[in-house]
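The values are calculated or read from the model by the stated rules, or taken from the named source; none is laboratory data. These figures come from a predicted structure and were not determined experimentally. Note that each Cβ is placed from the backbone with ideal geometry, even for glycine, and that neighbours are counted across all protein chains shown. Just so you know, the surface numbers come from the protein's heavy atoms only, side chains and all, with ligands and any DNA or RNA stripped out. Shrake-Rupley method; radii C 1.70, N 1.55, O 1.52, S 1.80 Å.
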Amino acid sequence: MALDFLTFLSRDFTKLLDNARDHDVSIEVGEGDKSQTYKAHSLILRSRSKYFATALSNEWARTQGANMIFFKKPNISPFVFGVILRYIYGGMICLIKYDTAEIFDILIAADELGLEDLFGYLQDHLISEKADWIRENFALVHRIAFQHEAFLALQNFITMIKDKHPETIFMSKDFSALDEDMLVSLLIRDDLAIDEIDIWTRIMEWGFSQMPPSTLAGSQWGKYEFGTLQKILQKLLPHIRYFQISSEDFDRNVVPFKKIIPRRLFRDVVIHHLHPNESNKIESPILPPRLGLWNWLIMNMKPSHIDSVLINIKNAALVAIWIDQKDIQRHFVTNPFEFRLLLRGSRDGFTPASFHRLCDKKGPTLTVIRVRGTNEIIGGYNPYSWNSHSGFERSTDSFIFSMDENELGNSCCSLVSNSSQAMKCHKKHGPIWGDGDLSLLGNDFRESKLSQARQSDYEQAIRQSTDTFQVEEYEVFQVIRTNGIIKDH
């Protein structure tokens, strides 16, 4: 009979680090007043870390006396190095003790110190559990990820955000830290699902952040200040689609900075807004509106039938975008997904039993719900199969949504932020996303007022109200990928 004593081994090795008995390495980490010295054992460091296997015998490791090695690592903070050192000795790390920024710093140090197992685990953890933090700190993660060859998974995730959800970059907290080339690559795109005035506002904020603090201190701007801002934004301003900004927004937000816009262009935009009948006088090129991905599909994809009393072919095209935006926009003119009706509440019943009988083990499914009394259309996408077991299901591709039938551009797609609780299966409940983000509950979803949609494990709420609700109608579709019709190149 084999017994597992690894926990005790980990405990004892950690004690060896804490009491530093028989240590032969002194490592000073950090700089200046914030530096700290750790005592360690070269044999353990060399055995656990590829970096130390080389570094402790390299020329920068300085020997003191007969058996002591003195080593400096100023580019790693004492806090991060302390976490790393305890992992080296004990083989354990508890991430719930650290905030995401600290985990990111530990990841960088783990890569540098050649701790491949820890590095891989931390990288996967950030992508699967902290995707919202990555989006909020896009510039930082982008810069660091592409400075390290080993950060391949993060590089791919960052590229996916840029390709599939470029508009989210404009909402990132560190938008002002993006480099100019990145901004140009975003501004030239036609598929940004964001209002042009919001693009203008963020570009102006980026410009302000690049100006000397002394320039922004005064309340009145003169020729010098406007000239400085114009020079900073000279490669970005030509890509703003001024003619697509409403008259009110143009007057309120753009006119105060008319001195940074070429005179002829400014005059032409004024003509466009104030004298639309004189459009023949406009000499500047009018850049087309940014269609956004849903508008692109509505205007270009050929209709296909969908058996539904809740959504139409345009709604289905929008859902197809949310499922697979990049491939659809670039390669298809027909919807590459078939939505095959599995269940309709008014036909098949509103009970958990009918849901599981008709929808379990069917692969990816789309659920669409009409809320009783409000006519709201909400729903969710499960990229895997439903089942009758109890427990959460993991996914990074699921989402929930609200659908505006009159204006698709006002529809909301909320991506999963906690992938470990993406969906929940239970034989006594209907479909559940997150911990209450969207749940059909009760013995009869139409009669029981127990269903809910409260933000928890997805990026945003899909209902303004957090009250429980009854279901007027709901449908579940099996989502089947088809070949679609390929665009001519």
With bins of 5 Å, the percent of all Cα-Cα pairs of the range 131-217 per bin from 0 is 3, 13, 24, 25, 17, 10, 5, 2, 0
Here the range 445-462 yields Karplus 3J(HN,Hα) values (6.51, -1.76, 1.60; θ = phi - 60°; whole Hz; Gly and Pro given as x) of 5, 7, 8, 7, 9, 10, 5, 8, 8, 10, 4, 8, 10, 10, 5, 8, 6, 9
To the nearest Å², the heavy-atom accessible area per residue of the range 369-489 with 1.4 Å probe amounts to 47 Å²
For the range 379-474, listing GluC sites (Glu not before Pro) in a DSSP loop whose Cβ sees at most 14 other Cβ atoms within 10 Å gives GLU407, GLU447
Looking only at lysines whose Cα falls under 17 Å of LYS424's and that sit 8 or more positions away or on another chain, we get LYS361, LYS362
Expressed in square angstrom to the nearest 10, the accessible area of ASP24 with a 1.4 Å probe stands at 40 Å²
For the range 19-113, listing GluC sites (Glu not before Pro) in a DSSP loop whose Cβ sees at most 16 other Cβ atoms within 10 Å gives GLU31, GLU59
For the range 146-204, the charge dipole (Cβ of Lys, Arg +1; Cβ of Asp, Glu -1; about the Cα centre) points to a positive end, and the Cα of THR201, PRO166, ALA150 closest to that extreme belongs to ALA150
Taking chymotrypsin sites (Phe, Trp or Tyr not before Pro) in a DSSP loop with at most 10 other Cβ atoms within 10 angstrom as exposed, one finds the longest site-free stretch of the chain at 61-489
The range 416-471 -> Rg/Rh from Cα coords, Kirkwood Rh, value 0.97
Any lysines whose Cα falls less than 30 Å from that of LYS223, other than same-chain ones fewer than 8 residues away, would be LYS231, LYS235, LYS258, LYS259, LYS281
Listed by chain and number, the lysines with an alpha carbon less than 24 angstrom from that of LYS39, same-chain partners under 8 positions apart left out, are LYS15, LYS50, LYS72, LYS73, LYS97
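May I ask you to rank LEU274, LEU115 by accessible area, largest first, using a 1.4 Å probe over the protein chains only?
Descending order: LEU274, LEU115.
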Carbon and sulfur atoms account, in whole percent of the 1.4 Å probe accessible area of the range 166-221, for 52 percent
